[in-house]
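Participant: Can you read through this structure? Questions will come right after.
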Amino acid sequence: MGRILIGGTGALLICIFLSPKFIQFLRVREFGQHIREDGPEGHHQKAGTPTMGGVILMLAIAVPFLILTSWEWRSMGVFGVAIACALLGFADDYTKLSKRRSLGLRARTKLIVTIAISLGLWYIARHEAHLQSTLRLRFVDYQIELGPLYPVLIYLVVAGTTSGVNLTDGLDGLAAGCAAIVLLAYVGITFITGGSDRDLAMLSGILVGACIGFLWFNAFPATIFMGDTGSLALGGAIAAMAVMTKTEILLILLGGIFVLEAMSVVIQVIYFQMTRRRVFLMAPIHHHFELKEWSETKIILRFWIVASICAAIGFTLYRQSVGG
């Protein structure tokens with residue numbers, strides 16, 4: 001427990017004390033957010049807000065983790081995926097800033113890199129952490145042997161989670177707050193199993209601390225955005241945490257808010273292609289509520305509540321499945 005608290009507090013303090021200088025650095029170099037022209041009207045006033053805050057977020061995670069880690073393969077795998085996803089997000093953010101547009105890397109480039117990251121995670125999970133190539137159905141206490149399909153599962157988890165967190169990152173503090181809630185559930189999940197999971201619990205605590213520290217500046221009205229650097233890093237960390245704890249299916253519930261955001265986009269696209277009409281006023285779904293004239297703070301707080309309920313139910317199911 002001591003390492004969890006020390007690591008989480010260290011990450012939080014690094015974010016709080018270093019972010020002002022980093023924000024100033026970004027402002028001087030005019031590294032500001034570009035807003036989609038078809039986005040909600042209220043978002044246009046956010047144009048120019050410093051982005052790429054994921055850089056300071058990852059620094060706050062890396063420093064305490066590298067000092068406190070026991071160099072256990074599972075935690076190193078999660079950390080490695082977070083760093084790799086952060087680098088992909090950084091390249092995407094930098095492309096947007098350098099070309100002064102809201103679109104970054106090509107979809108094909110992102111796909112290839114995501115596949116490579118997923119294969120790296122599969123190798124560590126299977127050959128270094130010695131996890132079984134199974135899919136654990138904790139709802140019914142049953143396992144399915146996937147064999148050669150195991151890397152496919154890992155890719156779907158990584159791609160789905162990073163996309164879900166990235167889509168959620170559309171309002172001030174929404175993604176950081178929801179990620180902190182999900183990762184707090186993983187602190188509990190990894191702590192109650194003990195053993196080698198203690199390093200995972202410590203890393204989860206560090207991730208929570210970094211998210212909360214970042215919220216100090218990212219909460220409404222935000223003075224910095226995390227950008228794809230932060231959202232892909234957090235999504236990758238959550239996905240890898242699910243793989244290393246064999247909670248890939250349970251993640252659908254633990255990260256229910258990210259599933260809701262991603263599914264709203266899928267439903268909107270499919271329904272529009274079929275009928276030329278929209279289910280939501282705008283997707284992801286948080287934009288729908290914006291256009292319904294909900295205040296930004298109301299949407300954020302209610303989504304945090306939904307995220308907390310999903311994470312609490314998921315944690316309870318996990319605890320029952322391990323006989324807690």
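The values are calculated or read from the model by the stated rules, or taken from the named source; none is laboratory data. Note that the coordinates shown come from a computational prediction; the quantities given were computed from them, not determined experimentally. Positions of Cβ are generated from backbone atoms using ideal geometry, with glycine treated the same way; all protein chains shown enter the neighbour counts. Surface accessibility is based on the protein's heavy atoms, side chains included, excluding ligands, DNA and RNA. Shrake-Rupley method; radii C 1.70, N 1.55, O 1.52, S 1.80 Å.
Participant: Please tell me if ILE83 is of a type in the set (A, V, I, L, M, F, W, C), farther than 23 Å from PHE220 by Cβ, open to solvent by 50 Å² or more (accessible area, probe 1.4 Å) and at pLDDT 95 or above.
Facilitator: Values: of a type in the set (A, V, I, L, M, F, W, C): yes; farther than 23 Å from PHE220 by Cβ: yes; open to solvent by 50 Å² or more (accessible area, probe 1.4 Å): yes; at pLDDT 95 or above: yes.
So ILE83 passes the test.
Participant: Another question about this same structure. Tell me, please, whether a residue that is aromatic (Phe, Trp, Tyr) and at pLDDT below 90 can be found in region 30-51.
Facilitator: yes
Participant: Among the residues of region 215-233, write down those that are at pLDDT 95 or above and of a type in the set (A, V, I, L, M).
Facilitator: LEU215, LEU232, ALA233 - these are the residues of region 215-233 that are at pLDDT 95 or above and of a type in the set (A, V, I, L, M).
Participant: Sort through GLY104, GLY164 and tell me the only one that's touching a residue at least 24 places away in the same chain (Cβ under 8 Å), surrounded by 14 or more Cβ atoms within 10 Å (Cβ to Cβ) and assigned to a helix (DSSP H, G or I).
Facilitator: Working: GLY104 fails: assigned to a helix (DSSP H, G or I).
When all the criteria are applied, what remains is GLY164.
Participant: Going by the conditions given, is GLU290 touching a Pro at 6+ places or on another chain (Cβ under 6 Å), at pLDDT 95 or above, crowded, with 16+ Cβ neighbours inside 10 Å and assigned to a helix (DSSP H, G or I)?
Facilitator: On the way: touching a Pro at 6+ places or on another chain (Cβ under 6 Å): yes; at pLDDT 95 or above: no; crowded, with 16+ Cβ neighbours inside 10 Å: yes; assigned to a helix (DSSP H, G or I): yes.
No.
Participant: Take ILE252 and tell me if it is out of contact with any Ser or Thr (no Cβ under 6 Å at 6 or more places or on another chain), without any contact (Cβ under 8 Å) to a residue 40 or more places away in the chain and under 25 Å from PHE139 (Cβ atoms).
Facilitator: Working: out of contact with any Ser or Thr (no Cβ under 6 Å at 6 or more places or on another chain): yes; without any contact (Cβ under 8 Å) to a residue 40 or more places away in the chain: yes; under 25 Å from PHE139 (Cβ atoms): yes.
Here the answer is yes, as ILE252 does meet what is asked.
Participant: Considering only region 135-150, state which residues are assigned to a loop (DSSP other than H, G, I, E, B), surrounded by 15 or more Cβ atoms within 10 Å (Cβ to Cβ) and at pLDDT below 90.
Facilitator: Applying the first criterion (assigned to a loop (DSSP other than H, G, I, E, B)) to region 135-150 yields 138-141, 146.
Checking which are surrounded by 15 or more Cβ atoms within 10 Å (Cβ to Cβ) leaves us with 138, 146.
Passing the criteria: only ARG138.
Participant: Name the residue, out of ILE257, ILE212, ILE181, that is in contact with a Ser or Thr (Cβ under 9 Å, 6 or more places away or on another chain), open to solvent by 10 Å² or more (accessible area, probe 1.4 Å), at pLDDT 95 or above and not aromatic (Phe, Trp, Tyr). Step through it out loud before you land on a result.
Facilitator: Details: ILE257 fails: open to solvent by 10 Å² or more (accessible area, probe 1.4 Å); ILE212 fails: in contact with a Ser or Thr (Cβ under 9 Å, 6 or more places away or on another chain).
None of the other options fit; the residue is ILE181.
Participant: Just to check your reading of the model, which residue among GLY160, GLY236 is modelled with pLDDT of 95 or more, under 12 Å from the mean Cα position of the chain (by Cα) and within 16 Å of PHE79 (Cα to Cα)? So that I can check it myself, show each step before the final result.
Facilitator: Values: GLY160 fails: within 16 Å of PHE79 (Cα to Cα).
That would be GLY236, the only listed residue that is modelled with pLDDT of 95 or more, under 12 Å from the mean Cα position of the chain (by Cα) and within 16 Å of PHE79 (Cα to Cα).
Participant: Please count how many residues of region 206-253 are of a type in the set (Val, Ile, Thr) and farther than 20 Å from ILE309 by Cα.
Facilitator: To start, the set of residues in region 206-253 that are of a type in the set (Val, Ile, Thr) comprises 206, 208, 212, 223-224, 229, 238, 243, 245, 247, 249, 252.
Checking the rest, the ones that are also farther than 20 Å from ILE309 by Cα come to 206, 223-224, 229, 243, 245.
Here the count works out to 6.
Participant: If I go through region 114-134 residue by residue, how many of them are open to solvent by 20 Å² or more (accessible area, probe 1.4 Å) and more than 18 Å from VAL81 (Cβ to Cβ)?
Facilitator: 1
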